[in-house]
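In what follows, a structure is listed as structure tokens, so that the remarks can point back to it.
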Amino acid sequence: MDTLSNEAEKIRLMNVEKGHNLEVIRPRSQSGSSERTLLNMSDTEMEEKRRSADLEKEAAEGLLPKTITKDHIAPDPYARAKMLFWMAINTVATVLIVFCNKAIFSDKSFGQCQAAFAAFHFVVTGATLYILSRPMFAMFDPKRIGIPQMLPLAIAMAGNIVGMNLSLQVSTITFYQITRVLLTPCVAVINFFFYKKYIPRAAAYALIPMCFGVALISYYDQKPAPVAGQPIKAVGGLSVLLALGSVGISGIYTVWVGTYQRKYEVNGFQLLYNQAPLGAIVLLYAVPWTDKFGNLNQAPMNKWMMILLSGFLAAMINVSQFFIIGTAGAVESTVVGHLKTCLIVLIGAFTGGRIITDKAALGIMLALCSIFAYSYIMMKQSK
């Protein structure tokens, strides 16, 4: 073995003198694998070896920067506070805009200006989203969708807003808000018949008392309170018809929104960015045939201030909804939605100048408890 090693060393020295840098054949170990040492490595290999050793040493000492992954990103210590802040903004803005719009529509000068009013909201919404998409804020990346493709959704959106405003104009706030919970079974029915989408049987059963509760409040609504010896007119057939029609249009629009998002691979705000300007144009074309303007010069200044406030509240709802969607989970979003419904119903009941009857109160409780049960079942099913 020693003789063989001496001969290999002589061959290596002869090759070095001739300018070669060849590996020498070393005797195999008992395991049969060939061994290499620093003597038979090239200069490049030795340099790489040293560099690798230095990197390992620095990594062990914590001198090298670590690879940044999602797990290593430091959590925002104020994330929870920010989420609660935007939830509060969304709740307050949603409640205020209902009462603000109700006060606007009660004025004769603006009572028949539904299309123009909705177009104003769309303009404010479009301008707000445009600003938020600029590099200064960069809250979302705008994505263009063709006008022919967006036109059906924009028309449905316009009909949805105008229908909601008309329903609010002729109904009490409590009745208006309670009938809005019918949007949930309406969407479920549309998805079932047109898209073959099913919901759990328990969730379907939870929708039955909801519909029964809305039927109770539709029939009894609220007992009129006497004012100067004259009873206040209770809810009539027109209010029920407009409420149900508004819910139907909202259901179609809601289903289409989900379909468009999947088809064009956009989020809610990218889709709204394309809808709002087109919806405003559609409504402006309809204004000459649908709206009747009163004597606007005699409209009190506080009504004009309410119109500006309504546009601002609409923008706040859209912006806050963006943060809620991005940070809150399904439970938090559902709780916020139910909280808004309960607040609007309760405030409307105590400020509407009417006395809630026992049967109407039973209808309200049935509708609210049913929507809570439905949400719980659906969240449990999704988990």
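The values are calculated or read from the model by the stated rules, or taken from the named source; none is laboratory data. This one's a predicted model, so the numbers in the text were calculated from it and none came from an experiment. In this analysis, Cβ positions are derived from the backbone assuming ideal geometry, glycine residues included, and neighbour counts consider all displayed protein chains. For the accessible areas, the whole protein counts, side chains as well, though only heavy atoms, and no ligand, DNA or RNA atoms are used. Shrake-Rupley method; radii C 1.70, N 1.55, O 1.52, S 1.80 Å.
Quick one: of 82/340; 292/340; 143/197, which pairs are farther than 30 Å apart, Cα to Cα?
Values: 82/340 19 Å; 292/340 32 Å; 143/197 28 Å.
Check vs 30 Å cut-off fails for 292/340.
With the simple model of a label 7 Å out from the Cα in the direction of the Cβ, residue 127 to residue 88 spans 2.8 nm.
By the Cα gyration tensor, the range 266-317 has an equivalent ellipsoid whose semi-axes, rounded to whole angstrom, run 27, 18, 5 from largest to smallest.
Does the range 143-203 come out rounded, prolate or oblate, given a ≥ b ≥ c as the square roots of the eigenvalues of its C-alpha gyration tensor, rounded meaning a/c under 1.5 and, failing that, prolate meaning a/b above b/c? Can you show the working numbers first?
Working: a/c = 3.13, a/b = 1.06, b/c = 2.95.
Oblate.
Evaluated on the range 78-117, the Kirkwood hydrodynamic radius is 11.9 Å, with distances taken between all distinct Cα atoms.
Just the number, please: Stokes-Einstein D of the range 65-204 in µm²/s, Kirkwood Rh from C-alpha pairs, 20 °C, 1.002 mPa s.
Values: Rh = 19.4 Å.
So the translational diffusion coefficient is about 110 µm²/s.
Accessible area per residue (1.4 Å probe, heavy atoms of protein chains only) ranks 212, 350 as 350, 212, with the largest value leading.
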